[in-house]
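The values are calculated or read from the model by the stated rules, or taken from the named source; none is laboratory data. In this text, all values refer to a predicted model and were calculated from it rather than measured experimentally. Note: ideal-geometry Cβ built from the backbone for every residue, glycine included; neighbour counts use all protein chains shown. Protein only, heavy atoms only, side chains kept; ligands, DNA and RNA dropped before computing areas. Shrake-Rupley method; radii C 1.70, N 1.55, O 1.52, S 1.80 Å.
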Amino acid sequence: MKPAPFAFHRPASLADALACLATGEARPLAGGQSLVPMLNLRLTPVDALVELRGVPELAGATETPDGAVYGALLTHAAFEDGQVPDVTRGLMRHVAGGIAYRAVRNRGTIGGALALADPAADWLTTVVALDAEIGIAGAAGTRWVRAEDFVLGPYFTVLEPTELLTAVRVRRLPQTTRWGVCKVAVKVGEYAETLVVALIDPARGESRVVLGALDGAPLLLPATAAAAGAGTAKAALEQTVAVELAGSDRDFTPADLLLHATAVTRAIAEARS
Amino acid sequence: MKLPISLTVNGERVEALVEPRLHLADFLREHLRLTATHLGCEHGVCGACTVLVDGAPARACILLAVAADGADIRTLEGLADDPRMAVIKESFHQKHGLQCGFCTPGMLITTLDLLARKPAPDAAEIRAGISGNLCRCTGYQGIVRSIQHAAAALEQAEEA
């Protein structure tokens, strides 16, 4: 199918882009790898698109002593190919290389993926695990929101229609932090059936385990993370995971529980290996 | 309202006035009559419409022509004189890498990029590399063999 007609704006600065969005009727277009398919299928009605490609404030990455700020327009391939500074000990590079297919990674952007907030998409779970901050520009300036507060539910974030996601601020992972990722998909490049990102740091007593690809926002598993960080053995850890998932406010079928619990223990095992 | 675009297609400058909703694949096929770029699913799943945009593979069905303004596009027609593509085409011919041929333009362009980034992939890496290109004849074994053959032939050609 073909998209229904829409107007198309090509702003050349962040201020221009925000002006185009000011009515609340237009939608931003980054790489278009999710939005254009939805337009082709006529699943998403839009009156106007605001193309962000020409907005210099959204491009590139800046490394700082304590981390990095990644512009919203950076493609998955830029992370995969190591074209941006890596402050996550290879985690973001690994995650980027597993997103969809190379032809999609060449166009799709980290900012676009986060703003869409498909629960099964890779970056969302990853930035929550990294406790990253999301930069959001609006009429009143830029605000920074913790990733876990940014996403409210499937395709649902704190972004207002008049605002733009500009960047992701990621803190540098300490040398003592190890990570593991477990993603299960029906085939290479498909959306995840389950996705777990585990950051384990017993030395600093800081561990985070996040489960994504749910029918809600990514789920933090603090009890599991604490057990993983404390070096709990496999059987006891599995018990902790099962109890924490069952005690969450999410509605899991028995099959979901098995799938997600397996992914959690695998990601933790990878982080510890 | 139509918008002006200016881009390079297969080395030639193209200026056009297009509707914003026109995607690049339709622009290539219907406006420029470059029909090697095939349209299968039209929502970015099948990979038949894969072209090179600024040297990197992209799906032409989910790239708006207005968003390709200023880009350098290369379709399979524009790779007719590419020596590496000649080796890949010959390998697909030799190793039965196509049946109906509908997915072949996308497979060839994906292979060109895969072997540029990863010159000696094993069978699993090839399968991962072409996982975004669907062959509904399900001729994957021949396609994987073709790509392995092309990788070896390209390596040999470069050593010579």
For residue A:67, list long-range residues whose amide hydrogen, built 1.01 Å from N in the peptide plane, is under 5 Å from its own amide hydrogen. A:172
Residues of A:147-159, mean number of Cβ from any other protein chain within 10 Å of their own Cβ, rounded to a whole number? 0
Partner shielding of B:16-22, as the mean number of partner chain Cβ atoms within 10 Å, equals 4
Between chains B and A, total accessible area buried, probe 1.4 Å, no ligands or nucleic acids, nearest 100 Å², roughly 2400
Based only on the alpha carbon positions, what is the Kirkwood hydrodynamic radius of the protein assembly as shown, in angstrom? 22.9
Once every DSSP H run of n ≥ 4 in chain A is given -39500 (n - 2.57) and the sum is divided by its residues, what mean residue ellipticity at 222 nm do you get, rounded to the nearest 500 deg cm²/dmol? -9000 deg cm²/dmol
Each label sits 7 Å from Cα toward the beta-carbon; between residue B:82 and residue B:125 the label points are separated, in nm, by 1.9
Share of alpha-carbon pairs per 10 Å distance bin for the stretch B:83-159, given as whole %: 22, 61, 16, 1
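Just the number, please: carbon plus sulfur as a percent of the accessible area of chain B, 1.4 Å probe, no ligands or DNA/RNA counted.
51
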Whole-Hz ³J(HN,Hα) for each residue in the stretch B:67-79, computed from phi via Karplus 6.51 cos²θ - 1.76 cosθ + 1.60 with θ = phi - 60°, x for glycine and proline: what do you get? 7, 9, 4, x, 7, 10, 9, 10, 9, 4, 4, x, 10
Hey, in the GNM for chain A with a 10 angstrom Cα cutoff, which one of A:217, A:233, A:77 fluctuates hardest? A:233
For the stretch B:3-78, what does the equivalent ellipsoid look like in terms of its semi-axes, each the square root of 5 times an eigenvalue of the Cα gyration tensor, given largest first in whole Å? 17, 14, 11
Measuring from label point to label point, each 7 Å out along Cα→Cβ, what is the residue B:117 to residue A:269 span in nm? 2.9
Amide H contacts under 5 Å for residue A:157, placed H, 5+ residues apart: A:152
Among A:140, A:121, A:230, which one shows the biggest mean-square fluctuation in a GNM of chain A, springs joining Cα atoms closer than 10 Å? A:140
Using a Gaussian network for chain B with springs between C-alpha atoms less than 10 Å apart, which of these wobbles most: B:63, B:108, B:32? B:32
Note down, for chain B, the three equivalent ellipsoid semi-axes (square root of 5 times each alpha carbon gyration tensor eigenvalue), biggest first, whole angstrom. 29, 17, 12
